[in-house]
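All of the numbers you see were taken from the coordinates with simple rules; none came from a lab. None of the values given here were measured: they were computed from a predicted structure. A quick note on method: Cβ atoms are made from the backbone with ideal geometry, for glycine too, and the neighbour counts reach across all protein chains shown.
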Amino acid sequence: MSDPQRPRASLRTAVVWDVLKDALDRRGKTAGNGAAGALDVLDTGGGTGNFAVPVARLGHRVTVVDPSPNALFALERRAAEAGVAERVRGVQGDVHGLFDVVERGGYDAVLCHGVLEYVEDPAAGLRNVVDALRPAGTLSLLAAGLGGAVLARALAGHFTEARQALTDPAGRWGEGDPVPHRFTAETLSELIGEAGLEVGAIHGVRVFADLVPGVLVDTEPGAMEALLRLEAAVAELPAFHSVATQLHVLAERG
Ligand SMILES: C[S@@+](CC[C@H](N)C(=O)[O-])C[C@H]1O[C@@H](n2cnc3c(N)ncnc32)[C@H](O)[C@@H]1O
């Protein structure tokens with residue numbers, strides 16, 4: 001799993017991290033709940049803490065809910081190594097039973113990164129994620145994009161699978177597809193609207209990163225930096241949302 005501080009991993013996390021950090025900074029200035037803008041952040045399906053630990057490093061209090069005991073164990077160790085153990089709490093749980101383990105309406109920001117595509121019922125899962133927010137809270141949602149998968153299957157020569165993903169209601173390319181659901185900017189916006197939030201910004205994530213041969217990025221001097229800058233430049237352009245591997249959406253109550 002990645003760490004926004006490491007260059008190779010930052011190809012997966014840089015765009016999301018920059019958008020999230022700005023949103024938390026803005027929220028911290030207006031939340032007015034004590035200690036220098038410190039927020040209560042919930043990371044649903046937060047895993048080993050790719051985002052939770054850097055968010056805690058910003059001074060926020062983070063609760064991670066994840067069904068995997070192994071991930072929570074790794075999270076605890078990682079938080080301790082980063083010196084933020086007192087601000088990171090790991091809880092075993094599931095988005096479908098979220099309020100068995102955390103407080104409804106108790107969080108200034110809720111992250112749901114790389115999770116919605118795996119949950120049984122994405123609409124119900126997202127409603128719970130949204131219901132964990134305080135009235136003026138911010139949602140950071142990252143989910144698998146349909147177009148990126150179609151492009152990747154086609155470029156690998158799997159043309160029938162690429163077409164199958166296009167027509168399958170869940171955006172799956174076949175029986176062997178490990179991802180149960182994929183989304184477009186439109187379907188994610190619709191789910192967010194149904195859950196009671198207004199979409200603020202949409203970013204396309206990993207538009208090129210997964211398609212470029214690693215050797216081009218790892219051996220050419222300056223190539224990694226240039227690719228990161230290119231990813232940042234296209235992330236906001238709607239034309240590229242439809243081919244991104246993941247879509248990131250920031251949303252708030254209207
Ligand atoms: C791809 S990882 C993403 C981890 C982290 N959010 C990140 O961005 O690095 C997916 C995570 O979702 C968790 N997960 C899977 N199903 C879940 C569910 N129904 N509710 C909550 N978390 C779930 C997994 O245990 C795993 O840690």
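By DSSP, what percent of the beta bridges with both residues in the chain are antiparallel, rounded to the nearest 5? Within the chain, antiparallel bridges account for around 40 percent of the total.
In this calculation the C-beta distance from residue 70 to residue 100 is compared with R0 = 25 Å, giving a FRET efficiency of 0.75. Reported to the nearest whole Å, the Cα centre-to-centre distance from segment 201-226 to segment 125-139 is 32.
Loop-located trypsin sites (Lys or Arg not before Pro) in segment 24-116 (DSSP state not H, G, I, E or B) with no more than 15 neighbouring Cβ atoms inside 10 Å: 104. Decide, for segment 129-254, between rounded, prolate and oblate: order the square roots of the alpha carbon gyration tensor eigenvalues as a ≥ b ≥ c, take rounded if a/c falls under 1.5, and otherwise choose prolate if a/b is larger than b/c, else oblate. In terms of gyration-tensor shape, oblate.
Cβ crowding within 10 Å ranks 141, 237, 191 as 237, 191, 141, fewest other Cβ atoms first. Mean residue ellipticity, 222 nm, helices only, the chain: the sum of -39500 (n - 2.57) across DSSP H runs of n ≥ 4, divided by residue count and rounded to 500, is -12500 deg cm²/dmol. Among the GluC sites (Glu not before Pro) found in segment 178-229, not one is both in a DSSP coil and sparsely packed, with 10 or fewer other Cβ atoms within 10 Å of its Cβ. Which of 22, 40, 108 ends up with the largest GNM mean-square fluctuation for the chain, with Cα atoms connected below 10 Å? Highest fluctuation among the options: 22. Rounded to the nearest 20 debye, the dipole size of segment 1-146 about its Cα centre is 520 debye, using +1 on the Cβ of Lys and Arg and -1 on the Cβ of Asp and Glu. Put in order of Cβ neighbour count within 10 Å, fewest first, the listed residues 73, 240 become 73, 240.
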